[in-house]
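Student: Starting off with a structure, shown below.
The values are calculated or read from the model by the stated rules, or taken from the named source; none is laboratory data. Everything numeric in this text was worked out from a predicted model, so none of it was measured. Cβ atoms come from the backbone with ideal geometry, glycine included; neighbour counts cover every protein chain shown. Heavy atoms of the whole protein, side chains included, go into the accessibility calculation; ligands, DNA and RNA do not. Shrake-Rupley method; radii C 1.70, N 1.55, O 1.52, S 1.80 Å.
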Amino acid sequence: MSKIARRTFIQLSAVAAAGVVVAPGRKAAAQDLPQLTEDDPMAQAMKYVHDASKVDPATRANPAEVQNCANCALVQGADGDAWRPCQIFPGKVVNAAGWCSVWAPKA
Ligand code: SF4
């Protein structure tokens, strides 16, 4: 398991242990969900920000790669939407230009 995959696995395990992972197949309408705030305790735990450009690339697992919610494997909803559901933050939408420490590349 790569260093990035191991770190992502550990972070996802922590979220699952907290009982907040959305059941597979459950989809919410993005327009009906509240926007995640940066001061949300879970957002802070995952270092979520609305603007990925504010994150020091050197702190990312792969600083050379452009990382934001829109190109993360865990984002849901429709491409092009400004706010989209995310598997890590069930019941809320994240900014497509945002980022958190759980970011993972799409396969
Ligand atoms: Fe954005 Fe991905 Fe983090 Fe969800 S897991 S907030 S889509 S970077």
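Student: Within the set of pairs 6+ apart or on separate chains, which have a first residue in the stretch 50-75 that is without any contact (Cβ under 8 Å) to a residue 60 or more places away in the chain, a second that is among the polar types (S, T, N, Q) and assigned to a loop (DSSP other than H, G, I, E, B), and C-beta atoms under 7 Å apart?
Tutor: 52/67; 52/68; 60/67; 74/87
Student: Are any of the residues in the stretch 66-75 part of a strand (DSSP E or B), closer than 20 Å to residue 29 by Cα and open to solvent by less than 50 Å² (accessible area, probe 1.4 Å)?
Tutor: Yes, there is a match, as at least one residue in the stretch 66-75 is part of a strand (DSSP E or B), closer than 20 Å to residue 29 by Cα and open to solvent by less than 50 Å² (accessible area, probe 1.4 Å).
Student: Now, a different point. Could you tell me how many of the residues in the stretch 96-107 are within 9 Å of the ligand (Cβ to nearest atom) and either touching a residue at least 40 places away in the same chain (Cβ under 8 Å) or among the polar types (S, T, N, Q) (or both)?
Tutor: Count: 7.
Student: Tally up the residues in the stretch 78-95 that are open to solvent by 20 Å² or more (accessible area, probe 1.4 Å) and either within 10 Å of the ligand (Cβ to nearest atom) or charged (D, E, K, R) (or both), please.
Tutor: The total comes to 5.
Student: Quick one: would you say residue 34 is open to solvent by 40 Å² or more (accessible area, probe 1.4 Å), free of Cβ contacts under 8 Å to residues at least 24 places away in the same chain and more than 10 Å from the ligand (Cβ to nearest atom)?
Tutor: No: the conditions fail for residue 34.
Student: Let me ask something else about it. Does residue 58 satisfy the condition of being surrounded by fewer than 23 Cβ atoms within 10 Å (Cβ to Cβ), modelled with pLDDT under 95 and outside any loop (DSSP other than H, G, I, E, B)?
Tutor: yes
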